[in-house]
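One structure is given below, encoded as structure tokens.
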Amino acid sequence: MKKPNFFVVGTVKGGTTSLHQYLNQHPQIFMSPIKETNFFSRFDINENDFSRDYAHDVNIDLKRYLLSDMKDPIHIAHINNESDYLKLFKNATNQMAIGEISNSYLLYKNAPIEIFKFDPKAKIIMMLRNPIKRAYSQFVMNHRLGKTLKNNFLEEIIEDDNKKVKGWGANHQYLFVGNYYEQVKRYLEIFPKEQIKILFYDDYQKNPNEVINEVYTFLGVESNFLPDFTKKLNEAGVPKFKKLNYFINQFGIISWAKRNFPRKLREPFKKMMYSSKKEDIPTITREEKDWLNNYYKEDISKLEKLINKDLSNWLKE
């Protein structure tokens, strides 16, 4: 049975959804049909702590899906059994690179250990984004997805960070996700440096073709392949009916619809429910930037030394 030999380990709101699409288009690459399996972070995640809305998001009939042809992709699930995990790759044939993407792998200490035990020669890819912009982008996304009603960003992230129960699926972890130093360090301590590729979201956004070519080269596949960049995924947007949007998400209606309606029927619903007009999307304030600059400056400084890269622009943007 085919096994994955590379892993994109994060980060949240770092472009991994579109990266999954571009990797999946390459004829020499096979990607897991479930984008985020969270298999190697299973020892770090307590499913009993999942919030109601997140539990709805990952509530899939896994056995039924694994018995199907798996042609309809699923964004996220939680797979705890290796036999089930390997079934995701049953349709792989002669592809040179076989992989999956789970953003939780970058966050928790056991994930790199488990991946190394699974395949010490595995290649690791991570996409890092300015942690201040990343946190705010997650806040905007959570408004769109009906996961919060708060309008004040600082209140939201501080309240979230002060929750008694924390963890993947339990709280949003706005601040924790952006503390990259320890996350990156864990992989560098376990995997040889030549097996790790660190990408930066700003480069990816400015020149996706160049970055994708770098990834193809790193994976040892034909680097001149040109994927279709026209389809935009996970675009920022705001709900037109905030309370209604929150209600239908909290009761799992959106998650149910995603599982039961074909994709072509979802687009009219999105246009009715959300606005993606740039002028409608809120922007981060100077006060919020200053607060987050102060929070992240030490971690950014340590990361700069660790990977030998100037990241001072993260605190200036």
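The values are calculated or read from the model by the stated rules, or taken from the named source; none is laboratory data. Being a predicted model, the structure only gives us computed values, none of them experimental. So basically every Cβ, Gly included, is an ideal-geometry build from the backbone, and we count neighbours across all protein chains shown.
How many residues does segment 149-187 contain that are under 19 Å from the mean Cα position of the chain (by Cα), closer than 24 Å to LYS242 by Cα and part of a loop (DSSP other than H, G, I, E, B)?
Residues that pass the stated criteria total 4.
Let me confirm something: among PHE89, PHE43, PHE39, which residue is closer than 27 Å to HIS172 by Cα and crowded, with 18+ Cβ neighbours inside 10 Å?
Numbers: PHE89 fails: closer than 27 Å to HIS172 by Cα; PHE43 fails: crowded, with 18+ Cβ neighbours inside 10 Å.
None of the other options fit; the residue is PHE39.
Let's see how each residue does on (1) modelled with pLDDT of 95 or more; (2) in contact with a helix residue (DSSP H, G or I) (Cβ under 6 Å, 6 or more places away or on another chain); (3) not polar (S, T, N, Q):
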residue: ASN38; (1), (2), (3): yes, yes, no
residue: ASP44; (1), (2), (3): yes, yes, yes
residue: TYR54; (1), (2), (3): no, no, yes
residue: ASN59; (1), (2), (3): no, no, no
residue: LYS71; (1), (2), (3): no, no, yes
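How about segment 78-130: which of its residues are of a type in the set (Gly, Ala, Ser), touching a helix residue (DSSP H, G or I) at 6+ places or on another chain (Cβ under 9 Å) and without any contact (Cβ under 8 Å) to a residue 12 or more places away in the chain? Explain how you work it out, then say what you get.
Keep residues of segment 78-130 that are of a type in the set (Gly, Ala, Ser), which gives 83, 92, 97, 99, 102, 104, 111, 122.
Filter again for touching a helix residue (DSSP H, G or I) at 6+ places or on another chain (Cβ under 9 Å), leaving 97, 99, 102, 104, 111, 122.
Across segment 78-130, there are no qualifying residues.
Looking only at residues in segment 143-175 that are in contact (Cβ under 8 Å) with a residue 24 or more places away in the chain, of a type in the set (A, V, I, L, M) and out of contact with any His (no Cβ under 9 Å at 6 or more places or on another chain), which one is farthest from HIS56 (Cα to Cα)?
LEU154
So in segment 280-317, with the set limited to residues that are under 23 Å from the mean Cα position of the chain (by Cα) and aromatic (Phe, Trp, Tyr), which one is farthest from GLU156 (Cα to Cα)?
Once the filter is applied, the top-ranked residue is TRP314.
Return yes or no: is ASN103 over 22 Å from ASN308 (Cα atoms), among the polar types (S, T, N, Q) and either surrounded by fewer than 23 Cβ atoms within 10 Å (Cβ to Cβ) or touching a strand residue (DSSP E or B) at 6+ places or on another chain (Cβ under 6 Å) (or both)? Reasoning before the result, please.
Working: over 22 Å from ASN308 (Cα atoms): yes; among the polar types (S, T, N, Q): yes; either surrounded by fewer than 23 Cβ atoms within 10 Å (Cβ to Cβ) or touching a strand residue (DSSP E or B) at 6+ places or on another chain (Cβ under 6 Å) (or both): no.
Criteria not met by ASN103.
Restricting to segment 198-224, and then to whatever is in contact (Cβ under 8 Å) with a residue 24 or more places away in the chain and outside any helix (DSSP H, G or I), can you tell me which residue is surrounded by the most Cβ atoms within 10 Å (Cβ to Cβ)?
Taking the candidates together, the pick is LEU199.
Only residues that are crowded, with 16+ Cβ neighbours inside 10 Å and among the hydrophobic types (A, V, I, L, M, F, W, C): list them for segment 64-85, please.
Answer for segment 64-85, where residues must be crowded, with 16+ Cβ neighbours inside 10 Å and among the hydrophobic types (A, V, I, L, M, F, W, C): LEU66, MET70, ILE74, ILE76, ALA77, ILE79.
Would you confirm whether any residue within segment 102-113 is part of a helix (DSSP H, G or I), in contact with a Gly (Cβ under 9 Å, 6 or more places away or on another chain) and modelled with pLDDT under 95?
no
Inspect segment 226-246 for any residue being among the charged types (D, E, K, R) and part of a helix (DSSP H, G or I) and give the result as yes or no.
Narrowing segment 226-246 to residues among the charged types (D, E, K, R): 228, 231-232, 235, 240, 242-243.
So of that shortlist, the ones also part of a helix (DSSP H, G or I) come out as 242-243.
Checked segment 226-246: at least one residue is among the charged types (D, E, K, R) and part of a helix (DSSP H, G or I).
Has segment 169-184 got at least one residue that is over 23 Å from GLN138 (Cβ atoms), surrounded by fewer than 16 Cβ atoms within 10 Å (Cβ to Cβ) and of a type outside the set (S, T, N, Q)?
First pass over segment 169-184, keeping only residues over 23 Å from GLN138 (Cβ atoms): none.
Checked against the condition, which is being over 23 Å from GLN138 (Cβ atoms), surrounded by fewer than 16 Cβ atoms within 10 Å (Cβ to Cβ) and of a type outside the set (S, T, N, Q), segment 169-184 yields no hits at all.
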